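Reading through the structure tokens given below for one structure.
The values are calculated or read from the model by the stated rules, or taken from the named source; none is laboratory data. The structure presented is a predicted model; accordingly, all values stated were derived computationally and were not measured. Don't worry about glycine lacking a Cβ; one is built from the backbone with ideal geometry, like all the others, and counts go over all protein chains shown.
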Protein chains: 2
Amino acid sequence: MLDDRKLDVLRAIVEDYVSTREPVGSKVLVERHQLGVSPATVRNDMAVLEEEGFITQPHTSAGRIPTDKGYRLFVDKLTSVKTLSGAEKRAIATFLEGAVDLDDVVHRSVRLLAQLTQQVAIVQYPTLARSTVRHVELVTITSARLLLVLITSTGRVEQRVVELPSPLEDDVLGELRAHLNTAVVGRRLSEAASRVTSLPEMFHRDDKAVVTQILAVLAEAVADNRNDEKVAIGGTANLVRFGEDFDRSIKPLLEALEEHVVLLTLLGEATSPSLVTVRIGHEVPHEQLAATSVVATGYGPGDRAVATLGIVGPTRMDYPASMAAVNAVARYVSKILSEA
Amino acid sequence: MLDDRKLDVLRAIVEDYVSTREPVGSKVLVERHQLGVSPATVRNDMAVLEEEGFITQPHTSAGRIPTDKGYRLFVDKLTSVKTLSGAEKRAIATFLEGAVDLDDVVHRSVRLLAQLTQQVAIVQYPTLARSTVRHVELVTITSARLLLVLITSTGRVEQRVVELPSPLEDDVLGELRAHLNTAVVGRRLSEAASRVTSLPEMFHRDDKAVVTQILAVLAEAVADNRNDEKVAIGGTANLVRFGEDFDRSIKPLLEALEEHVVLLTLLGEATSPSLVTVRIGHEVPHEQLAATSVVATGYGPGDRAVATLGIVGPTRMDYPASMAAVNAVARYVSKILSEA
DNA sequence: AGTTGGCACTCGGGAATTCTGAGTGCCAGA
DNA sequence: TCTGGCACTCAGAATTCCCGAGTGCCAACT
């Protein structure tokens, strides 16, 4: 049904439309691409492509634009992931290498991604659920108040103030700290709570209540999955470039960017960095964003994806370039996380 | 020159223009406000106000709109800071009270502020320069690598990986940790570096190099003023409401929001929470944002302002309401920081 | 003095209208 | 199966028209 030439025509339409932002007609198509046939022939092919639902006409006397289905075919079959130039790779490496801590890595990544793709970039912080405990620290604030600090292998730091029912001696505190760390360091956060249930038994009657209280706060902190909604966003200014229909594309997107929970559903489950997920138009799980596409992938130390990053943009975007950039950034970030 | 009635007219113009978004003419003005005079009289007053530069005509056959100078007079002389309703105050209190840590406080504040004012909200993280050290922690990662964690009184956490020139015994590490904390806890971060210069002397020759290295990283961390550029932004979606001239007002603002350094110059120096700073149009230190106003104030535990928060919006905004909201949020955040 | 009604004048911007050319579908011929 | 030719369509730019909100000014009034 769709011979090679028709696929070539579709590819040409997608590429032209993405770069010119104008519906493309049969004449310019044969001028700009070496199709080796006349406009009339291309018109026939276009008619077929339209019938099959890959392209459409905004209005009778205009050229064709790809439909979501058309982009889908393009992404799946008509293009391969571009590889970045050496200069770009080096730029990524040097830009990310200056990062001093996790926050810095995330912020640099999001800026970089926005810059490379000229789209809105989103980077999710490593999920606590998939991190392990690096260290737990207890810092005295006052005699009735203590700061619980939890440091994860991915560099995230959670802190909670604990109100103490009764004061705690320094040596008891030291003991608790030691026990706590031997119990949970290296463990998944999800296991942490269950690993410490027996700890209060190791203390004198008087201190049990305090210890229990501290452990309760710890359990609460690791269970608090609101924290896994943490994301960084960049490149919002790039929204202005797809200025055309403000209300239909920019407004809902700006609103979605405020709702981090929504963003995470857009990014989807963290996949391996080598697998780039593309969601096009109506495939995006949010009907307000029917004019939007998402390109995302997972990242994390080694091959263990601990979170997702990606970009959001108009369905009319340069998919090969976006996929390449997302992939490259995810790889570099993963590498950095492996080292740290 | 400007008698009371002329000021009333100006106030009426500002209020009407802010709520209707339309240039206001002499006729509707007398209809909507009890000025007790005829349109003709109001016209005469308007002519004077225009001559003095407080209002202007977009074009000959239109009503008047306030100039920056007009808004300035309005803010300075014609309005007092509204006080929020009891319900609003309670809403603020309960919304902010659920915060578990600094990040949470900042994010909640920025959302709250955006919601209350229906503008773009900005909250600067407490500046390190004005914070004191609460605790310094050294966590071993590998024998050649160590994590330096710095916790401030305002709840900010800085971390740095230290590459060790040679391994460090556990007891030496413990000793260093203790010395380090007695030396810097409670001190300003700016003093921290100088407080520890003599520490290496307390260690054996072999360990001096390692200790020096660790202290160097600490010094670097406290000196790194890039960290004071940390801000949270919320309510970007509110930008869509002043949709009119996209290029002149939204685009530059979106761009500015990406540049955190620029934002900080907008917010300005942290003032006492009771002093709300208003910058109107051209008074904003960035000519691209000539159609934008900023309402900001400082916040911090007690009366010591450690950072700034505020909102950014079109010059045509409800200043009394914005000022009240900014002020209220700053007070509550300050209160929370005092307690933590 | 300051205030008011009357009146001629201005002009932005919405509505109606015209124009143009890019693009199409179809058909007959190669 | 491809191609050149041709009549047809129609969105959007350009043009024109028109209305009425709003003004400034002046003479009269308090």
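If I ask for residues that are out of contact with any Leu (no Cβ under 7 Å at 6 or more places or on another chain) and either more than 7 Å from chain B (Cβ to nearest Cβ) or at pLDDT below 65 (or both), which ones from region A:236-253 would you list? If the condition is that a residue be out of contact with any Leu (no Cβ under 7 Å at 6 or more places or on another chain) and either more than 7 Å from chain B (Cβ to nearest Cβ) or at pLDDT below 65 (or both), then A:Asn238, A:Arg241, A:Phe242, A:Gly243, A:Glu244, A:Asp245, A:Phe246, A:Asp247, A:Arg248, A:Ser249 are the ones that fit. On the stretch given as region A:246-287, residues that are in contact (Cβ under 8 Å) with a residue 24 or more places away in the chain, over 18 Å from A:Asp76 (Cα atoms) and charged (D, E, K, R) total 3. The single condition from (1) small (Gly, Ala, Ser); (2) under 20 Å from A:Leu102 (Cα atoms); (3) away from every other protein chain (no Cβ under 14 Å) that A:Ala221 fails is (3). Within region B:254-274, the set of residues being more than 13 Å from the chain's Cα centre (by Cα), at pLDDT 90 or above and more than 14 Å from every other protein chain (Cβ to nearest Cβ) is empty. Taking the criterion of being modelled with pLDDT of 90 or more and surrounded by 20 or more Cβ atoms within 10 Å (Cβ to Cβ), the residues of region A:197-231 that qualify are A:Val210, A:Val211, A:Ile214, A:Leu215, A:Leu218, A:Ala221, A:Val231. Taken over region B:131-160, the residue count meeting the criterion of being β-branched (Val, Ile, Thr) and facing chain A (nearest Cβ under 7 Å) is 4. Looking only at region A:19-34, decide whether some residue is touching a residue at least 12 places away in the same chain (Cβ under 8 Å), outside any helix (DSSP H, G or I), within 16 Å of DNA strand D (Cβ to nearest atom) and aliphatic (A, V, I, L, M). Looking through region A:19-34, at least one residue is touching a residue at least 12 places away in the same chain (Cβ under 8 Å), outside any helix (DSSP H, G or I), within 16 Å of DNA strand D (Cβ to nearest atom) and aliphatic (A, V, I, L, M). One residue stands out in region A:18-50 among those that are within 11 Å of DNA strand C (Cβ to nearest atom) and within 33 Å of the chain's Cα centre (by Cα): the one that is farthest from A:Gln119 (Cα to Cα), namely A:Val24. Inspection of region B:106-120 finds no residue satisfying the criterion of being aliphatic (A, V, I, L, M), surrounded by fewer than 19 Cβ atoms within 10 Å (Cβ to Cβ) and not in a strand (DSSP E or B). Looking across region A:65-116, the residues that are more than 14 Å from every other protein chain (Cβ to nearest Cβ) and among the basic types (Lys, Arg) come down to A:Lys69, A:Arg72, A:Lys77, A:Lys82, A:Lys89, A:Arg90.
Comparison of A:Thr83, A:Thr79, A:Thr56, A:Thr20 shows that the only residue that is in contact with a strand residue (DSSP E or B) (Cβ under 7 Å, 6 or more places away or on another chain) and β-branched (Val, Ile, Thr) is A:Thr56.
If you check B:Ala62, B:Ala12, which single one turns out to be within 12 Å of DNA strand C (Cβ to nearest atom) and either touching a His at 6+ places or on another chain (Cβ under 6 Å) or more than 14 Å from chain A (Cβ to nearest Cβ) (or both)?
Details: B:Ala12 fails: within 12 Å of DNA strand C (Cβ to nearest atom).
Testing whether each residue is within 12 Å of DNA strand C (Cβ to nearest atom) and either touching a His at 6+ places or on another chain (Cβ under 6 Å) or more than 14 Å from chain A (Cβ to nearest Cβ) (or both) leaves just B:Ala62.
Any residue at all in region B:241-262 that is on the phi > 0 side of the Ramachandran plot and surrounded by 15 or more Cβ atoms within 10 Å (Cβ to Cβ)? So far as region B:241-262 goes, no, none of its residues is on the phi > 0 side of the Ramachandran plot and surrounded by 15 or more Cβ atoms within 10 Å (Cβ to Cβ). Being outside any loop (DSSP other than H, G, I, E, B), within 16 Å of DNA strand D (Cβ to nearest atom), surrounded by fewer than 12 Cβ atoms within 10 Å (Cβ to Cβ) and modelled with pLDDT of 95 or more is true of B:Ala40.
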